[in-house]
1. Excluding residues fewer than 8 places away in the same chain, name every one of the lysines whose C-alpha is closer than 16 Å to that of K46.
2. H73's amide H: which non-local residues (gap 5+, or another chain) put their own amide H closer than 5 Å, with H modeled 1.01 Å from N in plane and none for Pro or chain starts?
3. Report, as a whole number in µm² per second, the diffusion coefficient that Stokes-Einstein gives for the chain at 37 °C and 0.692 mPa s using the Kirkwood radius over alpha carbon pairs.
4. Once phi is turned into ³J(HN,Hα) by the Karplus curve 6.51 cos²θ - 1.76 cosθ + 1.60 with θ = phi - 60°, what whole-Hz value does each residue of the range 27-35 show in order, with x for glycine and proline?
5. How far is it, in nm, from the label point at T102 to the one at R7 when both lie 7 Å from their Cα along the line to the Cβ?
6. Please build a GNM for the chain, connecting alpha carbons under 10 Å apart, and tell me which residue among H95, H75, H117 fluctuates the most.
7. Modelled label-to-label distance, D82 and K46, 7 Å Cα→beta-carbon offset: nm?
8. For the chain, with a Gaussian network of springs between Cα atoms less than 10 Å apart, report the residue from L110, L126, L76 with the top mean-square fluctuation.
Amino acid sequence: MNLKPVRDSEFEALFSTVKQGLYPYVDAVFGWDDNFQRARLKKDYKPSWFYWIIINNTRVGLLCFKPYKNAYHVHLLLVFPDYQNQNIGSKVMRHVHQLTLTEQRSRVTLSSFKVNHKAISFYQKLGYQVYDDSDADFVSLSRELI
């Protein structure tokens, strides 16, 4: 498995992938609007935060994460349906954890829609703990690594 930066010219593929993974949750909570979501993706997320997850020269998912202070924050981890339940998500998160430690950062944080029980369970199995569930729609999780 390796991570390949998403090129600027791949924005439509990136948007399509984000929509594929997040549509059910965003639509349930806020209602999905293509134009709004496309503009938000361009405005609020740096292209350098996005990576295709590649196995055997095949895109199997997408990762979006960024450094801040002494941590990394995972904005998005999507494994395409045909590749789920193969431990790819766990391998990606181990990679993020190793990078975090290599750069002498102490933790990884992330947020999830509360209605995405599968994601929350996945992260909790990896040792993440809820540190803020005060928002009506999101839960924030963190894992200390040092």
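The values are calculated or read from the model by the stated rules, or taken from the named source; none is laboratory data. On a predicted model such as this, the values are computed, not experimentally measured, just so you know. No Cβ is skipped: glycine too gets one built from the backbone with ideal geometry, and neighbour counts run over all protein chains shown. To get the accessible areas, we keep the full protein, side chains included, count just its heavy atoms, and leave off ligands, DNA and RNA. Shrake-Rupley method; radii C 1.70, N 1.55, O 1.52, S 1.80 Å.
1. Hits, sequence-local ones excluded: K4, K66.
2. K66, Y68, T109
3. Values: Rh = 15.8 Å.
It diffuses with D of about 207 µm²/s by this estimate.
4. 5, 5, 8, 10, x, 8, 10, 3, 5
5. It is 2.4 nm.
6. H117
7. Going from the D82 label point to the K46 one covers 3.3 nm.
8. Highest fluctuation among the options: L126.
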